[in-house]
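Take a look at the structure set out below.
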Amino acid sequence: MERIAVLTSGGDAPGMNAAIRAVVRTGHYHGLEVYGIISGYAGLIEGNMKRLSLRSVGDIIHRGGTVLYSARCDEFKTEAGRKNAVEQLKKNKIDGLVVIGGDGSFRGAKALTSLGFPTIGIPGTIDNDISGTDFTIGFDTAINTVIECIDRIRDTATSHERAYVIEVMGRNAGDIALWAGLADGAESILIPEAPFDLDEVIERVRFASERGKRHSIIVLAEGVGSGVEFGEKIKQALSVETRVTVLGHVQRGGSPTAFDRVLASRMGAKAVELLVKGEKDKMVAIRNNKVLGVNIDEAFANKHLPDLELYELAKILSI
Ligand code: F6P
């Protein structure tokens, strides 16, 4: 193996730059040339790539977003698009590829390996929704951003004696809502993976108000439904003034936390080590604080589930 490439794909996540840096520096450490592919699989199909020197990844470990840019690419989902991608890799004499991204990006990585091209996946998404790894790059930063926002909302909610529905990201996964809700003492946390009873949610707000609490926080994962519609239902059922905040893409930006920088550095280095060892069809995972290479099929074998013990704990602690 002499030349490898790295790309970021799907929704960006804080820490992706730290992972790119680790891939480039570890690659150089092993005597490899490293190329950066611009704008994910779309750039790969076009052959849009540049050589990354050791120094080219200086001063990025602390930055959010991705210096390689990202995209969601429909063409890459077609057989023709994937064949073009492999041709570009061969034309540019690339021997192995590291893909940093979420579930969809991993399916692309798997497809490339099936076409005979060694590809390793690094889980990078704020959603934490990849099976087989305890954490994905970007999740810790996202939940810290969310709790900072909720803390601010809590200040004004208390001043005005209001209930707030806060809609957070996560596509179909409840991890962001669950961790941020637990960390912020929310009255209710609504996630797609656990059934809930609207009457119980309303009762919790009423009970909080009766016992003199001046604010109520309900954290709703976007996968459950619209925060605005949910807020309307609460408004109609209660005498407590209610407001809704949809946090949106603010959750995807910002400087990565120390946890995400360290995780990304470890995962980036591991991905290169796997390629150097001749491994393929693998994803990098963290389990019980050990970073390892596991079969990429583990990402698809089971549906990711958040830690439902945390869900029960949050319920107990918020009474
Ligand atoms: O997968 C990351 C994520 O931010 C999800 O939480 C969210 O549902 C989705 O991406 C939003 O995608 P886009 O930025 O394309 O609107």
Failed item, numbered, when Thr119 is tested on (1) out of contact with any Phe, Trp or Tyr (no Cβ under 7 Å at 6 or more places or on another chain); (2) under 30 Å from Glu187 (Cα atoms); (3) buried (at least 24 other Cβ atoms within 10 Å of the Cβ) | (2)
Among the candidates Gly96, Gly10, single out the residue that is out of contact with any His (no Cβ under 6 Å at 6 or more places or on another chain), in the same structural domain as Thr113 (by TED's automatic domain parsing) and within 16 Å of the ligand (Cβ to nearest atom).
-> Gly10
Taking segment 149-173 and keeping only residues that are surrounded by 14 or more Cβ atoms within 10 Å (Cβ to Cβ) and more than 12 Å from the ligand (Cβ to nearest atom), one is left with Cys149, Ile150, Ile153, Arg154, Ala157, Arg162, Ala163, Tyr164, Val165, Ile166
Counted residues, segment 256-296 - those being buried (at least 17 other Cβ atoms within 10 Å of the Cβ) and either within 20 Å of Ala142 (Cα to Cα) or without any contact (Cβ under 8 Å) to a residue 12 or more places away in the chain (or both) | 12
Show the residue pairs that are 6+ apart or on different chains and have beta-carbon atoms under 6 Å apart, the first residue being within segment 49-76 and of a type in the set (Val, Ile, Thr), the second being within 15 Å of the ligand (Cβ to nearest atom).
-> Thr66/Thr8; Thr66/Asp12; Thr66/Met16
Considering only segment 1-93, give the strands (runs of 3 or more DSSP E) lying wholly within it that have at least 1 residues that are farther than 28 Å from Pro256 by Cα and among the charged types (D, E, K, R).
-> 3-8
Out of all the residues in segment 235-249, which are within 16 Å of the ligand (Cβ to nearest atom) and either out of contact with any Cys (no Cβ under 8 Å at 6 or more places or on another chain) or not assigned by TED's automatic domain parsing to the domain that holds Ile150 (or both)?
-> Val246, Gly248, His249
When residues of segment 217-245 are filtered for being of a type outside the set (S, T, N, Q) and buried (at least 17 other Cβ atoms within 10 Å of the Cβ), how many remain?
-> 14
Ser53 is checked against (1) in contact with a His (Cβ under 9 Å, 6 or more places away or on another chain); (2) among the hydroxyl-bearing types (Ser, Thr, Tyr); (3) buried (at least 18 other Cβ atoms within 10 Å of the Cβ) and fails just one. What number does that condition carry?
-> (3)
Taking first residues from segment 127-144 that are more than 16 Å from Val262 (Cα to Cα) and assigned by TED's automatic domain parsing to the domain that holds Asn295 and second residues anywhere that are near the ligand (Cβ under 10 Å from one of its atoms) and small (Gly, Ala, Ser), the pairs with Cβ under 6 Å that are 6 or more apart or on different chains are Asp127/Gly170; Asp127/Ala173; Asp129/Ala173
Of the residues Ile38, Ile4, Ile61, which is under 24 Å from Ala285 (Cβ atoms), touching a Phe, Trp or Tyr at 6+ places or on another chain (Cβ under 8 Å) and away from the ligand (no atom under 16 Å from the Cβ)?
-> Ile4
Does segment 20-37 contain at least one residue that is closer than 15 Å to Ile100 by Cβ, hydroxyl-bearing (Ser, Thr, Tyr) and more than 20 Å from the chain's Cα centre (by Cα)?
-> yes
Any hit, segment 107-115, residues being within 16 Å of the ligand (Cβ to nearest atom) and surrounded by fewer than 16 Cβ atoms within 10 Å (Cβ to Cβ) | no
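The values are calculated or read from the model by the stated rules, or taken from the named source; none is laboratory data. Keep in mind that this is a model prediction, so the values were computed, not measured. Neighbour counts run over all protein chains shown; Cβ positions are idealised from the backbone, glycine included.
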